[in-house]
Amino acid sequence: MRPLLFFVIITSSSFCFSQNLQVAVLKYSGGGDYYANPTSVPNLVNFCNKNLGTNISMDVPYVEAGSKDIFMYPFVHMTGHGNVVFNTTEAENLRTYMIGGGFLHIDDNYGMDQFIRVEIKKVFPNNDLIELPSDHQIFHQKYNFNGIPKIHEHDDKRPQAFGIIIEGRLVCLYTYETDLGDGWEDPEVHNDPENKRMEALKMGANMLMYVFMK
């Protein structure tokens, strides 16, 4: 599917939520483990297909930040524990992707925060990450949340959801001190309580629903 055609489809009022879709995980430079939590997004996709009636492919590829292939995916997930570096071409490509209709979810898997805040400024130098209020639509899709849920404890800080908003549209969601991706993983990976896993999956489902139904 060509990039331009993709964004005509996703922004059209005739867009069908049950249409066959595919999401991806962002591959980036800098040494951070972009490949962390390999079962996370497939599990989230499976949950959405069962509970939201979506028809999202279970094949979740990695897509490079500077690749034109990113335009094939309406939703791209990014995670990791360490350093992130976007070069000029990658920053421009990500900016074009999000302005054109794509959505980037960044989930700090503990240790990414100090790096991603610098790099996202390369992508949107004139836009700040702002904390989303608890009444934002992304928290109130099929499932209702009073802000982003806390899934994992790290530094005993409150969970926060930040966003980049362009012309009234949330194009980038940065979730911090929550670790949604850990909650999406197979149960035996982190031994999270079932209620926490369900909170994480339901919040993730809200995110996909927000993106696909806009």
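The values are calculated or read from the model by the stated rules, or taken from the named source; none is laboratory data. Computed from a prediction, not measured in an experiment: that's the story for all the values here. Virtual Cβ from ideal backbone geometry, glycine too; neighbours counted across all protein chains shown.
Worth a mention:
- Residue within the range 150-158 that is over 14 Å from F103 (Cβ atoms) and in contact with a helix residue (DSSP H, G or I) (Cβ under 6 Å, 6 or more places away or on another chain) present: yes
- Among (1) assigned to a loop (DSSP other than H, G, I, E, B); (2) touching a Ser or Thr at 6+ places or on another chain (Cβ under 9 Å); (3) modelled with pLDDT of 50 or more - the single one L26 does not satisfy: (1)
Yes/no per residue for (1) of a type in the set (F, W, Y); (2) surrounded by 24 or more Cβ atoms within 10 Å (Cβ to Cβ):
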residue	(1), (2)
T178	no, yes
D182	no, no
H190	no, no
E194	no, no
R197	no, no
A200	no, yes
M203	no, yes
M209	no, no
F212	yes, no
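- The range 183-194, residues that are in a helix (DSSP H, G or I) and more than 21 Å from the chain's Cα centre (by Cα): E188, E194
- Hits in the range 64-79 (condition: surrounded by 21 or more Cβ atoms within 10 Å (Cβ to Cβ) and of a type outside the set (S, T, Y)): A65, I70, F71, P74, F75, V76, H77, M78
- Residue under evaluation K142, criteria (1) part of a loop (DSSP other than H, G, I, E, B); (2) crowded, with 18+ Cβ neighbours inside 10 Å; (3) touching a helix residue (DSSP H, G or I) at 6+ places or on another chain (Cβ under 7 Å), criterion not met: (2)
- Only a single item in (1) over 23 Å from D182 (Cα atoms); (2) in a loop (DSSP other than H, G, I, E, B); (3) of a type in the set (D, E, K, R) is not met by K122, and it is number (2).
- Within the range 125-139, the residues that satisfy the criterion of being in contact with a Gly (Cβ under 9 Å, 6 or more places away or on another chain) and either in a strand (DSSP E or B) or in contact (Cβ under 8 Å) with a residue 60 or more places away in the chain (or both) are I130, E131, I138, F139.
- Single match in I106, I138, I116 (criterion: farther than 16 Å from Y28 by Cα and under 15 Å from the mean Cα position of the chain (by Cα)): I138
- Residue among V171, V189 that alone is β-branched (V, I, T), touching a residue at least 24 places away in the same chain (Cβ under 8 Å) and more than 29 Å from N126 (Cβ to Cβ): V189
- Residue list for the range 101-119, filter: outside any helix (DSSP H, G or I) and buried (at least 16 other Cβ atoms within 10 Å of the Cβ): G101, G102, F103, L104, H105, I106, D107, D108, N109, Y110, M112
- Boolean, M98 is in a helix (DSSP H, G or I), out of contact with any helix residue (DSSP H, G or I) (no Cβ under 6 Å at 6 or more places or on another chain) and closer than 14 Å to C172 by Cβ: yes
- In the range 26-54, residue nearest to N93 (Cα to Cα) [restricted to those that are of a type in the set (A, V, I, L, M, F, W, C) and surrounded by 22 or more Cβ atoms within 10 Å (Cβ to Cβ)]: L26
- Within the range 145-170, considering residues that are of a type in the set (A, V, I, L, M, F, W, C) and either out of contact with any Phe, Trp or Tyr (no Cβ under 8 Å at 6 or more places or on another chain) or outside any loop (DSSP other than H, G, I, E, B) (or both), the one surrounded by the fewest Cβ atoms within 10 Å (Cβ to Cβ): I166
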